[in-house]
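To start, the structure under review is shown below, and the notes come after it.
The values are calculated or read from the model by the stated rules, or taken from the named source; none is laboratory data. Predicted model, so just to flag it, every value in this text is computed and none were measured. Neighbour counts run over all protein chains shown; Cβ positions are idealised from the backbone, glycine included. Surface accessibility is based on the protein's heavy atoms, side chains included, excluding ligands, DNA and RNA. Shrake-Rupley method; radii C 1.70, N 1.55, O 1.52, S 1.80 Å.
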Amino acid sequence: AVYYSTSNAVNYGVILSLITLAAVFIPASEIAVNVVNRVVCNMKKPTVFPRLELKEGIPEDLSTMIVVPTLLPDEKRVGELLENLEMHYLSNKEKNLFFTLLGDFKDSSESNMDNDEKIINAAMEGIKRLNEKYAKDGQDIFYFFHRRRIFNKNENKWMGWERKRGAIIEFNDLLLGSKETSFSYFSNENFPSGRIKYVITLDADTILPIGAAKKMIGTMEHPLNRPVIDKKRGI
């Protein structure tokens, strides 16, 4: 005699139902996404910005920094971000295009932590290795700038001033010659020859597509896309 457990039959039925539901739902969701994308694209045509082709590459007067502002909690994270920085370079190998890691320590109840020095050393050594591997004629391609913690009364913590937004603001100030920033660590205090005109900011988990940097620079530099500045009002 063969006996079947009713509870097992019920369990198998539930599992089979879940598998069937997943098999039906996943293709349906993909179809729905494709339909929505097609409808939206037909209703609202994308705007195409004119851009300069820059056939001869990026000229010196359009020198640009690719900047990644991020927290550096430990040495492992430093290594991951340096690998990403190298990938950005390999997919956008252009003259007068430079790559910078803007670091902040993680928030703390104190101004300094035990592993701060290890983090800085790991970043400095990593940037040095990248420049030894790729840089030519004594001109660095990769840079590292790191800020000290500043006490925030509202947060009651030691942290980077204004977090990511503050890092970008202070870096722009640094490019314009300011000595009044909270950047305390520099892989190289001397910026590339010529004036850095553009700064392209990337999130830490963003991958820059092949040739994307030159396309963005060409778009920003096109006469129809340049900002008109009111000097009286400063806007």
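Per-residue SASA remark: K118, around 120 Å² accessible (1.4 Å probe; ligands, DNA and RNA not included).
Only one residue of P192, G218, Y134 has its Cα farthest out toward the positive end of the dipole of the chain, where Lys and Arg carry +1 and Asp and Glu -1 on Cβ, and that residue is G218. Ordering F144, A123, P227 by Cα displacement along the dipole of the chain toward the positive end leaves P227 in first place; charges were set at the Cβ atoms of Lys, Arg (+1) and Asp, Glu (-1). Using the average count of surrounding beta-carbon atoms within 10 Å as a protection proxy, the listed peptides 90-103, 208-221 rank, highest first, as 90-103, 208-221.
Here F151 and N115 are evaluated by their C-beta separation; at R0 = 30 Å the FRET efficiency comes out at 0.95.
Among the protein heavy atoms of the chain, carbon and sulfur supply 55% of the accessible surface, probe 1.4 Å, non-protein parts ignored. Over the range 130-217, what per residue volume does the convex hull of the Cα atoms give, in whole Å³? Convex hull volume per residue, Cα atoms: 137 Å³.
Rounded to a whole number, what is D in µm²/s for the range 131-175 from Stokes-Einstein with the Kirkwood radius over alpha-carbon pairs (20 °C, 1.002 mPa s)? Rounded to a whole number, D works out at 168 µm²/s.
When the alpha carbon gyration tensor of the chain is reduced to an equivalent ellipsoid, the three semi-axes, largest first, read 44, 29, 20 Å. Principal semi-axes of the equivalent ellipsoid, √(5λ) from the alpha carbon gyration tensor of the range 169-228, are 24, 17, 11 Å from largest down.
Of the GluC sites (Glu not before Pro) found in the range 40-86, those that fall in a DSSP loop while having at most 10 other beta-carbon atoms within 10 Å are E53, E56.
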